[in-house]
1. Restricting to strands (runs of 3 or more DSSP E) lying wholly in the stretch 485-526: which have 2 or more residues that are modelled with pLDDT of 90 or more, open to solvent by 30 Å² or more (accessible area, probe 1.4 Å) and under 11 Å from Asp545 (Cβ atoms)?
2. If we only count strands (runs of 3 or more DSSP E) wholly inside the stretch 383-480, which ones have 1 or more residues that are over 30 Å from Gly502 (Cα atoms), in contact (Cβ under 8 Å) with a residue 12 or more places away in the chain and not small (Gly, Ala, Ser)?
3. Here is a list: Gly104, Gly135, Gly141. Which entry is at positive phi and either open to solvent by less than 10 Å² (accessible area, probe 1.4 Å) or β-branched (Val, Ile, Thr) (or both)?
4. Working only within the stretch 309-339, note down all residues that are touching a strand residue (DSSP E or B) at 6+ places or on another chain (Cβ under 9 Å) and free of Cβ contacts under 8 Å to residues at least 24 places away in the same chain.
5. On the given criteria, is Arg267 out of contact with any Phe, Trp or Tyr (no Cβ under 8 Å at 6 or more places or on another chain), touching a residue at least 60 places away in the same chain (Cβ under 8 Å) and open to solvent by 70 Å² or more (accessible area, probe 1.4 Å)?
6. Which residues, taken from the stretch 373-422, are open to solvent by 50 Å² or more (accessible area, probe 1.4 Å) and touching an Asp or Glu at 6+ places or on another chain (Cβ under 6 Å)?
7. Looking at Val550 and the list (1) at pLDDT below 95; (2) within 20 Å of Arg481 (Cβ to Cβ), which single condition is not satisfied?
8. What are the residues in the stretch 556-583 that are touching a residue at least 60 places away in the same chain (Cβ under 8 Å) and in a loop (DSSP other than H, G, I, E, B), if any?
Amino acid sequence: MSIRQPVVSVLGHVDHGKTRLLDTIRGTSVISREAGAITQHIGATEVPIEHIYKVCGKLIGSKKFNVPGLLFIDTPGHHSFITLRARGGSLADLAVLVIDIREGLKPQTVESIRILKQYKTPFIIAMNKIDTVQGWIPERGRSFVLAEKQQQEHTMEAFNERMYHIISLLASEGIPADRYDRIDDFTKTVALVPVSAKENEGIADLLLMLVGLAQRFLESQLQEEKEGPGKGTILEIKEERGLGQTLDMILYSGVLKKGDTVALGTRGAPIITKVKAILKPKPLDEIRDPRDRFDSVKELHAAAGVKISCQNMDGVISGAPLVVVNGANDPAVAEMKEESSVKIETQEDGVMIKADAIGSLEALAYEAKAASIPIRKYGIGEISRRDIVDVAACGKQLNKVILGFNSELSKDAAAELESQDMKVFTNQVVYRLIEEYQEWLEETKKKQDIDKRSEFSFPAKFKILPNCIFRAAKPAIVGVRVLTGRLRPNQRLIMPDGRSVGKIRSIRSGEEVVKEAIQGQEVAVAIDDITIGRQADVEDVIYIDLLGSVIKEFAKTEITDDERMTLDEVISIKRKEDPFWGM
């Protein structure tokens, strides 16, 4: 049975060992050539099944698989993963989430988990750097099941403590996980494979898990996508000496041939062009930084990571699709337009969101919806001056916001922002971006509430307490309990029968004069123009008088359920005398 090799994406927090893990699998040293030892560009490596048999020989014996190998993608970060789309979802058939056993879950780890769940991508966890556990005795090329048996008891205790801590953190993110050799049902529990990329330990276990899961759960899907017109995703656009502009791409389905007519995705309409050359790295070599020269091939079957040259590539963007077509009228071109279009639910009132690519924008919209953040407008690319002007012109202050995921301000936009009363939030971690906005929103609403309450009285009422009449008049000083709302000086008062009974002169809490008293507090209140025993008495409930002209404001203002109930009571009192009061 002929099936294509699955595409495996490697994700994880920076410095947790993604590229070193792949270097160990393929026997390369790409990480040493990366700036700061941090992945700068997306890479792809084909690991043939023969290499996997060689690495995993002691674990599998003579067992054979239908899977022809694994195609690994190494990304600079989780945002690259969501940029690389295929079939309207994730490019990856499987994913490996790398977690440092010492550090556990970090912001990008959590972000990766949420994205994997969003795209419903099956994944396993490589718990890396087990060699850092105190007392660990490493041995190159050894499987974890053998390594475990050769460690001292205190070392395994330290190892298990760290592992169960990670399992606990994963559970808090809704991920049930366990050590891979203790799992009965891989559809319900995520496999956790302990590895040391540095010492080449547990790598055999990891490869075996990936091949086994691909064959068991993805075989029918991989078989269907072996033949047919080629479909791929563009990783990056690069300038190559002797070739000019080229495209690094993943062919994830079908066949691609030299001379084929292809449609390439852009920000607008697809480009229809022809393939001039297909350059394939050798097995275990790296598409972005090969040790050996590429092989020029005439025909390519999925799945593969290759470099291609086309007659026209103007406007092509990273993460865009590539499809073999019969011409501009091929139905696949219309399908590509549909796949490349962004469908995000918008509302009349809401914020603006921007991101660097379609996948990133969809991820931001997904998280915004989950957080009940309404979206008024969206776009791809950097935040422009036009965006700033457009958002600044919004009516409501709380909607004068732009959320940018991997989308920075242009120079003109930054200059314009200085003269506008609005907010721009940017971050490379979606949930952090959402959190920053929500924190700002909460603080802004509190400030607005304070400002509004200082403009006019809000619904409130209090009760005169027994044994707390300190002076009967001029002014009356009484102890009260605030039943709802807030009491402030200069607020006028009414009784339940509608009679006006003076106004609050001052409020004391103990020996201290205070600006306000809130629901539940007991304070001493000085009241002008009232005599206790005549206009009011002990146990009486007294309301804050409200202006009829501001009643409609409360429909647009956040007030508590108790304040809403008190408002209804005041309206009822007032309308006994004036049926149209507050309308």
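The values are calculated or read from the model by the stated rules, or taken from the named source; none is laboratory data. Computed from a predicted model, the values in this text were never measured in an experiment. Glycine also receives a Cβ, built like all others from the backbone with ideal geometry; neighbour counts cover every protein chain displayed. Surface areas here come from the heavy atoms of the whole protein model, side chains and all, with no ligands, DNA or RNA. Shrake-Rupley method; radii C 1.70, N 1.55, O 1.52, S 1.80 Å.
1. Details: elements: 492-494, 500-509, 512-514.
Because the criterion is at least 2 residues that are modelled with pLDDT of 90 or more, open to solvent by 30 Å² or more (accessible area, probe 1.4 Å) and under 11 Å from Asp545 (Cβ atoms), the strands (runs of 3 or more DSSP E) in the stretch 485-526 that meet it are 500-509.
2. Values: elements: 401-405, 423-427, 461-471.
Output list reads 401-405, 423-427.
3. Numbers: Gly135 fails: either open to solvent by less than 10 Å² (accessible area, probe 1.4 Å) or β-branched (Val, Ile, Thr) (or both); Gly141 fails: either open to solvent by less than 10 Å² (accessible area, probe 1.4 Å) or β-branched (Val, Ile, Thr) (or both).
Exactly one of Gly104, Gly135, Gly141 is at positive phi and either open to solvent by less than 10 Å² (accessible area, probe 1.4 Å) or β-branched (Val, Ile, Thr) (or both), namely Gly104.
4. Glu335 - this is the single residue of the stretch 309-339 that is touching a strand residue (DSSP E or B) at 6+ places or on another chain (Cβ under 9 Å) and free of Cβ contacts under 8 Å to residues at least 24 places away in the same chain.
5. Working: out of contact with any Phe, Trp or Tyr (no Cβ under 8 Å at 6 or more places or on another chain): yes; touching a residue at least 60 places away in the same chain (Cβ under 8 Å): yes; open to solvent by 70 Å² or more (accessible area, probe 1.4 Å): yes.
When the stated conditions are applied, Arg267 passes them.
6. Glu382, Arg385, Glu408
7. Failing condition for Val550: (2).
8. First pass over the stretch 556-583, keeping only residues touching a residue at least 60 places away in the same chain (Cβ under 8 Å): 557-560, 562-567, 569-570, 573-574, 576-577.
Scanning the stretch 556-583 gives Thr557, Glu558, Ile559, Thr560, Lys576, Glu577.
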